[in-house]
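The values are calculated or read from the model by the stated rules, or taken from the named source; none is laboratory data. Being a predicted model, the structure only gives us computed values, none of them experimental. Quick reminder, even Gly has a Cβ in these numbers, built from the backbone with ideal geometry, and neighbours come from all protein chains shown. The area values use the complete protein model at the heavy-atom level, side chains included, leaving out ligands, DNA and RNA. Shrake-Rupley method; radii C 1.70, N 1.55, O 1.52, S 1.80 Å.
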Amino acid sequence: MDGQIIISHCGGKSAEVDDSNERALIDDQFKDDNPVRCMLNNWQYKQPIVMIMGSKCPTSPTKMPHRYQVLDWFMITHAWTEPDPFSGHVRFKYRFEKVGLQESSWWAPQGMPGKNEEYLPAVAIEERECATCNKKSPRIYEEGFLCIHSTCQQFWKLDGQSAAHNLHYTQQFLRARHPVPPNYVVPSPLAPSIDGLLLDRNAELGNAHRDFWKGIVCPACGNCCARTSWKGWVCTCGYSREVGFHVTYTASQLREPHRDRYVGAPIPAINNRYNIPVKVETNGATTIVRYDLGPAVGTVIHVQNSDELNKKLGMDELLQRYQDPELPFKRGQVTTMCGTSYTRNFALNCGAAYHYVVDQDTVKMEDAPVVVQNVLSMLNEQVGKLCPGHRDFNEVLSLAYLEDMRMNYHTDDEVGLGPVVASLSLGAPARMGFRFRAGWKQNKLCHFPGLDVDDVKSGIPQFSVTLNHGDLLIMDGAGIQRYWEHSLTRVEGLFRIAATGRYIDPDTHEAASRPFGPTPAQRMAITSPKSETTVPTGEAQSTYMEDFFTHLHSIPKKEKSRRKSAVPTASATS
Ligand SMILES: [Zn+2]
Ligand SMILES: [Zn+2]
C-alpha cells in the first residue's frame, strides 16, 4: 500500500499455518461467499467504501498510532483471482484506489504518492486477451501476463508453467490512477459534526435515540469516542459533550400502542409449543403466570398488573426517576479479540458486588440512589409474597436500554448467587427468550414434565415472555441458571429499565474484580490536511470486468450438491 493505493485480499476461510505467523486458505473462496459478494458488488456497482487499518498491518507505510484508524474513502478498481501461495486454494484479491486524490493522505510518509503529486494521471492498466479462453485479464505482475480466470486452463500460468508466487506488481499497476466516476461522490464526511443532527434528534425524539448512544468523532482531537457515560461523551483528550436530557419519557409514551389498557387483570400472551406445565392465576388486577421447568430446575414467574395498579405501586414514578441525568449509569467494559469494547446497555450496580458478564463498579446500598433503594424494597416485598422462604435481596443491577439495544443469551450463573433472581421492567416492552444451555439433551434433570425431547429445535428460544412496563419476572430456582439461558431481544421503543434483584453471598462470591488485562487504545485518528493537486480525468476504467463476472470462481455443480447433502437438514436433527 501507499498513500493512494491498497492491494489486499479478504473474505475469510484462512487459518494459521502450523505455528508460523503466516495464514493460508483452508478452502477456495467462491463468488457466492458473502464477503466476496460484498466486495464484488462494491466493484461492480461502484460503491465507495471506507478503509480502516489495524496497527498490525505488515505493509503499512508508516507506524500506525492506534490499534485501528480510519484511512479514507476508496473505490475498487480491480478484482481478480489467484492461487494462495501456501495451499493453492483460489482467493480473490482487490486493488483499492483513494477517491479524493486531491486530499493529502495522513498515513503516507514524505515522498510517497498521496503526500504529493507523484502519480501518473489517467493511466489505465494494460489488458490483454488470453489465447486459450479469449477473456481479458489486466497486467498485474512484472513477470508477465497471467490469465486471472480460474476456469481457464491457463489460469495463473506463465509459458505453460504455474507462475511462482513471489511476483512483483508492475509500476503501472501500482502507479495508475483512475478518474473518479460521477457516482463516486464521497457520500458523507468521515468525521460528521455532532451538532446539527443531534440537536434535531434531541428535540424530536429525546436522548434515547440510537444517535445518542453511538460514538462520536471528538471535534477536539479526532478520536472516535464511544458513549460510556450516562451524561454524554467523554474523550481521553479531555473534551466532553453532554447529551442533554430534554425529554423525560412517560410510561404511556413508551407502551406498545396496540396493547389493551387493562383495568382488571391483564390477559397474558403464552407461547407454549413445548408443553411446559403453565399455571395462570389472577388476583384482583394482577395476573401471575408460572412456567414449571421441573423440580430440579425451578419456576419462571411472570407477574403483570393493570395500568392503574402499576401507577398505584409507583412504577410510573420509578420510570421517571431512572431518567435522572445524575445517576451513575455506565457502560461496562469488555475485552474482545479486537480490543476494548462496551456492553450496549448502561449499568448501575448497587449493594453487593456482582461480577455479571463484565465487571461493574458497585455503589453501596446505603449510598445508592433513592430510586434503586425503592426498587429493592418493592422487589423484596413482592417476591416475598410469591416465593416462600425468599431471602431478602442485597443487590440490584439496574440496566438502561436505549433504542435498539438488546442482550444476547447468557445466564446469571455466578458463585454465591441465591436461587431467586427477580427483574422489574419499566418503560418500553421487550421480549425475553429462554432456551436450553448446551448439553441439556443428555441431562434428564433439566427436562420439564411434558417435554418431547425430539421436538426441540436448538438455538431458538423454547419459550419467551413479553415484558411490559411494571412487569415482574422471577426466576425461582438455581437450576434455571444452570440449565437454561435467557436473552433480551431488541427493545421495542426508546427507553427501558430492567432492575434485577439478587441475593449474593459475600463469602462465596469472589470480592475481587476480574482483571481486564491491558486495555489497548481502540481509538481511531482522523486528520485530512488538504494539499492542492489535480484529479485525473477522462475514460480509463478497466474493461475486463465483464469477462471476469461471466466466469467467476464458483462452487462446481457436483461439489455444490455434495456440500448441500453434507449439511444436516432441520428435519434430520430434530
Ligand atoms: Zn485464459
Ligand atoms: Zn478528543
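Applying 1/(1 + (r/R0)^6) with r as the Cβ-Cβ distance of LEU445 and THR248 and R0 = 35 angstrom yields a FRET efficiency of 0.15. Probing with 1.4 Å while keeping every protein chain in the model, the per residue accessible area of the range 251-504 equals 43 Å². Gyration tensor analysis over the Cα atoms of the range 251-504 returns equivalent ellipsoid semi-axes of 26, 23, 18 Å (largest first, whole Å).
Using alpha carbons only, the radius of gyration of the range 1-81 set against its Kirkwood radius gives Rg/Rh = 0.98.
The range 304-357 and the range 157-187 have their alpha-carbon centroids 53 Å apart. A simple count of charges around ARG259, restricted to other residues whose Cβ falls under 11 Å of its Cβ and scoring Lys, Arg +1 and Asp, Glu -1, yields -2. What FRET efficiency comes out for ARG273 versus GLU381 if R0 is 35 angstrom and r is the Cβ-Cβ distance? Round to the nearest 0.05. For ARG273 and GLU381, the calculated efficiency is 0.55. Panel note: the C-alpha atoms of the range 409-490, placed on their principal axes, show extents of 39, 30, 20 Å (largest first). Taking all protein chains into account, the per residue accessible area for the range 9-158 stands at 46 Å² (1.4 Å probe). Full extension of the chain between HIS410 and LYS214 yields a length gain of 68.2 nm, computed as 0.36 nm times the residue separation minus the alpha carbon distance. Keeping the other protein chains in place, figure out the carbon and sulfur percent of the accessible area of the range 251-504, with a 1.4 Å probe. Using a 1.4 Å probe with all protein chains present, the range 251-504 comes out at 49 percent carbon and sulfur. When peptides 498-504, 416-422, 451-457 are sorted by average Cβ neighbour count within 10 Å, with the highest value leading, the order is 498-504, 416-422, 451-457. Per-residue Karplus couplings for the range 481-491, computed as 6.51 cos²θ - 1.76 cosθ + 1.60 with θ equal to phi - 60°, are listed in order as 6, 7, 10, 10, 10, 10, 9, 10, 6, 2, 5 Hz, Gly and Pro entered as x. Given their separation in residues at 0.36 nm each and the Cα-Cα distance between them, GLN172 and THR543 gain 131.9 nm when the chain is fully extended. Mind jotting down the distance between the C-alpha centroids of the range 240-279 and the range 439-511, whole Å? Computed from Cα coordinates, the inter-centre distance equals 18 Å. Ranking PRO429, GLN333, GLY351 by how far each Cα lies toward the positive end of the dipole of the range 251-504 (charges on Cβ) leaves PRO429 at the top.
Compared with the direct C-alpha span, the chain from VAL263 to GLU143 gains 35.0 nm at full extension, assuming 0.36 nm per residue. In whole percents, the pair-distance distribution calculated for the range 325-411 from its alpha-carbon pairs, binned every 5 Å from zero, is 3, 13, 20, 21, 19, 14, 6, 3, 1, 0. Computed with the Debye formula from one identical point scatterer per Cα of the range 212-287, without solvent, the log10 of I(q)/I(0) at q = 0.12 Å⁻¹ comes to -0.65.
The LEU313 and SER341 beta-carbon pair, evaluated with R₀ = 45 Å, returns a calculated FRET efficiency of approximately 0.75. Using the structure shown, list the pairs from LYS31/LYS136; LYS231/LYS385; LYS279/LYS444; LYS214/LYS441; LYS93/LYS157; LYS31/LYS63 with a Cα-Cα distance above 29 Å, or answer none. Those over the limit are LYS231/LYS385; LYS214/LYS441; LYS31/LYS63.
Taken along its principal axes, the alpha carbon cloud of the range 354-504 reaches lengths of 50, 36, 30 Å, longest axis first.
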